[in-house]
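These notes are about the structure you will find just below.
The values are calculated or read from the model by the stated rules, or taken from the named source; none is laboratory data. This is a predicted model, so every value here is computed, not measured. With ideal geometry, Cβ positions are generated from the backbone for all residues, glycine too; neighbour counts draw on all protein chains shown.
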Protein chains: 2
Amino acid sequence: MTIITQVEARDIRFPTSRQLDGSDAMNEAPDYSAAYVILHTDQSDDLTGHGLTFTIGRGNDICVAAINAMASRLEGRHLEDITANMGQFWREMTSGDSQLRWLGPEKGVIHLAASAMINAVWDLWAKREGKPIWKLLVDMSPEQLVSCLDFRFVTDALTPQEAIAMLKHMAPGKEAREAEMRANGYPAYTTSAGWLGYDEDKVRRLCREALDDGWEHFKQKVGGNLEEDRRRAAIIRDEIGEQRTLMMDANQVWDVDETIANMRDLAEFNPHWIEEPTSPDDILGHAEIRNRLFDSGIGVATGEHCHNRVMFKQFMQAGAIDYCQLDAARLGGLNEVIMVLLLAAKFDIPVCPHGGGVGLCEYTQHVSMFDYIAVSGSLEGRLLEYVDHLHDHFIDPVRIRRGHYLLPEAPGYSITMKAASLDDHTYPTGREWQ
Amino acid sequence: MTIITQVEARDIRFPTSRQLDGSDAMNEAPDYSAAYVILHTDQSDDLTGHGLTFTIGRGNDICVAAINAMASRLEGRHLEDITANMGQFWREMTSGDSQLRWLGPEKGVIHLAASAMINAVWDLWAKREGKPIWKLLVDMSPEQLVSCLDFRFVTDALTPQEAIAMLKHMAPGKEAREAEMRANGYPAYTTSAGWLGYDEDKVRRLCREALDDGWEHFKQKVGGNLEEDRRRAAIIRDEIGEQRTLMMDANQVWDVDETIANMRDLAEFNPHWIEEPTSPDDILGHAEIRNRLFDSGIGVATGEHCHNRVMFKQFMQAGAIDYCQLDAARLGGLNEVIMVLLLAAKFDIPVCPHGGGVGLCEYTQHVSMFDYIAVSGSLEGRLLEYVDHLHDHFIDPVRIRRGHYLLPEAPGYSITMKAASLDDHTYPTGREWQ
């Protein structure tokens, strides 16, 4: 038995705003940050579970405070008691304390904090089992996997019985798909060339470097000034050619009609999708955009700010999105991520998770590998996002080869940061902030 | 000119769980709490602005931390600069700091904190003008009022021009409706008899007392055990008769199909509405419930956990609700509340705000009085919620007569608590918590 002896929460921030890395139309100067959780245990081999939720700077301390407010729900518990009933554990963490639930429910700071803690439990479990997360999931029976989920508020779209049937249906090809992932990796796109705060020469140079590295799919930020969006789109198209993929991402700055007008204008650059055109809460607005842009061939993508399974369920029921961009640190941890994968499979919507920030690529490689091997069984329309920042701070960072993520092999969720990185970037006392 | 010199945030909690006041199927033992804001000024007459957001206990400190994180956005500013451009101020408070916005956006802890601060500014403004909030709003021209709002993400449903036209259309009868409110008050219903944690004798006794006090409309909590729900409904119907109104409130505990089944079972008690049957995020789920319960005559009500105007816009666009129960402390302050009133008027949906907690009745009397006098011009289907807890702690508490709220007359938003109440209920150092 493994006892969780202590929940340690740390405020970790990287000063990315100094180079305008990650700048977009809504988020002009983010400092990529993590409310970081370490679950200490009584095990002699220094076994610890790690998890984080991603923020962009100020307010990271508020997430840390929320984690501390929930720490007593984990401290003193046996890992094996938790993992024996993961679905019930998830319900407890997100709804078990009705006083804390009031602050969401299942959204905002309190859900972000729960996400970090729940993911830390999964990391601990996978390390205890000696498997990477994707493999821990792949090796579960359909019944085991479904027992990890909470179907509250989704049974009108997906029942446990349907989920089990879907997983059983996909079971036969699992070994072949696992071998394929090990051989080829998972296809990805890069966002690293197209940040809004980069000047045009830098965009051109980064496109060339990315092409040299084998990238086939590129994303640019839009939504600042339409003329500048056009100019940067022209540069990227000029560099990558007509055959490669260009996505656009407006980071929520437009209204519905504004989106239609602007994307009709940008359609000549043949964007594959428009991402986050408007409020992340606007399911019906996205549906309207999708309908009205249908003839232009531009898909609609959203999800990095979609806060829970109930919202994703509706985005799918309403026919509002072509691509589901779930965020592994904003949804309530891996349990809710798996639920969204199942919903997406049922509605036949490709999942292209939100990457970037700090640690999101490390998380989502597991999510998409698992999705391919055991849930959707398809790569059609699927691409993992890649952003080339901050990977050096992780013990088991993502590995990219010619535009593909390689299968992670180390036990856990790949989210454990180096001790020195944690110390240097602790806010406000770490060396980077002095 | 009035300078806001200091933002003081206080963690105020009332031990209501000791008597199970406020208990329901989701929230079994709330301690009604307020993250309470005092805006100190440089004025010699001790002018201060007060605002609060409502929570139910644990986590109230997290809201206080969020208020402190935003305090610098108000400190040192001139009230008159803010009120000259209230719409822009609202955008600044909710989206101006993109790092903090990431924690929502416009939802959860960060939006609750913004709500308290924004309402404190309105309170300060109204006190400076020597008017109660409803009157400050009623006396504005349509153009002034609309300039207080941020139409981002709602223009597909309502434009500023339409809003001005609607307000102009209602202008002629304003004086008569104001006189009517002063004479008759605003009709209300009581939730005080029907808490889930009260035993049956207490429910019966409280119904009789409420009838003696002139109440015509009653709400009970459901969603615990169906047989107990039926028994309590029978008791209430037995006491209030067939002609008076009985509402039911499930506080989010059911799924969609479960709601249909349970409400068909409870239909024999002729409930006026089912409130919060399922997840507060489930717009399409509420629409499904409303459609399938249509033949039973049971209306669908929700809104106390609806976090912003974008969600309410969709509840209305989707035909998902019969009654809009906006919460004056969960929406981003009065600006967003007014936007929802305008949307509701456009979609012809009655607004019956969420009362109870601590201070919500004090807030919402202003909201509904303003709605009647200047926005909807109608009382049809409208009832203010009343809960008889904690009013003694306010300097200008609500006044109820024969099931009606009387028009508040003191300057401000009626949300200023007595200094002794604040001190006694400060958590964890106040006298009540020792």
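Every residue in the stretch B:286-340 that is among the basic types (Lys, Arg) and either closer than 19 Å to A:Asp281 by Cβ or touching a helix residue (DSSP H, G or I) at 6+ places or on another chain (Cβ under 6 Å) (or both), please. If the condition is that a residue be among the basic types (Lys, Arg) and either closer than 19 Å to A:Asp281 by Cβ or touching a helix residue (DSSP H, G or I) at 6+ places or on another chain (Cβ under 6 Å) (or both), then B:Arg292, B:Arg309, B:Lys313, B:Arg330 are the ones that fit. Looking at the structure I just gave you, is A:Leu145 more than 14 Å from every other protein chain (Cβ to nearest Cβ), aliphatic (A, V, I, L, M) and part of a helix (DSSP H, G or I)? Taking the combined requirement at face value, the residue satisfies it. Would you please list the contacts, defined by Cβ atoms under 6 Å and residues six or more apart or on different chains, that run from a residue in the stretch A:100-128 that is in contact (Cβ under 8 Å) with a residue 60 or more places away in the chain and surrounded by fewer than 24 Cβ atoms within 10 Å (Cβ to Cβ) to a residue that is of a type in the set (S, T, N, Q) and part of a helix (DSSP H, G or I)? Listed pairs, sorted by first residue: A:Trp125/A:Thr83.
If B:Glu258 satisfies every condition in (1) farther than 17 Å from B:Cys352 by Cα; (2) crowded, with 20+ Cβ neighbours inside 10 Å; (3) facing chain A (nearest Cβ under 9 Å) but one, which is the exception? Result: B:Glu258 fails condition (2) only. As a summary of the residue check, A:Gly332 satisfies the conditions (1) free of Cβ contacts under 8 Å to residues at least 60 places away in the same chain; (2) within 14 Å of another protein chain (Cβ to nearest Cβ); (3) closer than 30 Å to A:Val138 by Cβ except for the one numbered (1). Between B:Ala9, B:Ala34, B:Ala25, the distinction of being part of a strand (DSSP E or B), within 14 Å of chain A (Cβ to nearest Cβ) and more than 18 Å from the chain's Cα centre (by Cα) belongs to B:Ala9 only.
Here the condition is being of a type in the set (Lys, Arg) and closer than 24 Å to B:Ser98 by Cα; of A:Arg244, A:Arg237, A:Arg264, A:Arg232, it holds for A:Arg232 alone. Can you find a residue that is free of Cβ contacts under 8 Å to residues at least 60 places away in the same chain and within 24 Å of the chain's Cα centre (by Cα) anywhere in the stretch B:220-231? Among the residues of the stretch B:220-231, at least one is free of Cβ contacts under 8 Å to residues at least 60 places away in the same chain and within 24 Å of the chain's Cα centre (by Cα), which makes the answer yes. Of the residues in the stretch B:264-271, not one is among the aliphatic types (A, V, I, L, M), crowded, with 16+ Cβ neighbours inside 10 Å and free of Cβ contacts under 8 Å to residues at least 40 places away in the same chain.
Within the stretch A:229-256, being closer than 23 Å to B:Thr155 by Cβ, out of contact with any helix residue (DSSP H, G or I) (no Cβ under 6 Å at 6 or more places or on another chain) and in a helix (DSSP H, G or I) holds for one residue alone: A:Asp229.
The residue that is farthest from A:Lys107 (Cα to Cα), counting only those in the stretch A:48-82 that are surrounded by fewer than 24 Cβ atoms within 10 Å (Cβ to Cβ) and small (Gly, Ala, Ser), is A:Gly76. Can you tell me which residue among B:Asp281, B:Asp212, B:Asp249 is among the charged types (D, E, K, R) and in contact with a His (Cβ under 9 Å, 6 or more places away or on another chain)? None of the others qualify; the one that does is B:Asp281. Exactly one residue out of B:Asp212, B:Asp238 is away from chain A (no Cβ under 14 Å), over 26 Å from the mean Cα position of the chain (by Cα) and under 28 Å from B:Tyr372 (Cβ atoms), and it is B:Asp212. Inspect all residues belonging to the stretch B:367-380 and state whether any of them is within 18 Å of B:Thr53 (Cβ to Cβ), in contact (Cβ under 8 Å) with a residue 24 or more places away in the chain and surrounded by 21 or more Cβ atoms within 10 Å (Cβ to Cβ). Within the stretch B:367-380, one or more residues are within 18 Å of B:Thr53 (Cβ to Cβ), in contact (Cβ under 8 Å) with a residue 24 or more places away in the chain and surrounded by 21 or more Cβ atoms within 10 Å (Cβ to Cβ).
Candidates are the residues of the stretch B:388-402 that are assigned to a loop (DSSP other than H, G, I, E, B) and either farther than 23 Å from B:Gly194 by Cα or modelled with pLDDT under 95 (or both); the one that is farthest from the chain's Cα centre (by Cα) is B:Ile395.
The residues of the stretch B:283-315 that are more than 21 Å from A:Met311 (Cβ to Cβ) and within 12 Å of chain A (Cβ to nearest Cβ) amount to a single one, B:Arg292.
Tally time: how many residues in the stretch A:163-211 are among the aliphatic types (A, V, I, L, M) and touching a residue at least 60 places away in the same chain (Cβ under 8 Å)? Here the count works out to 8.
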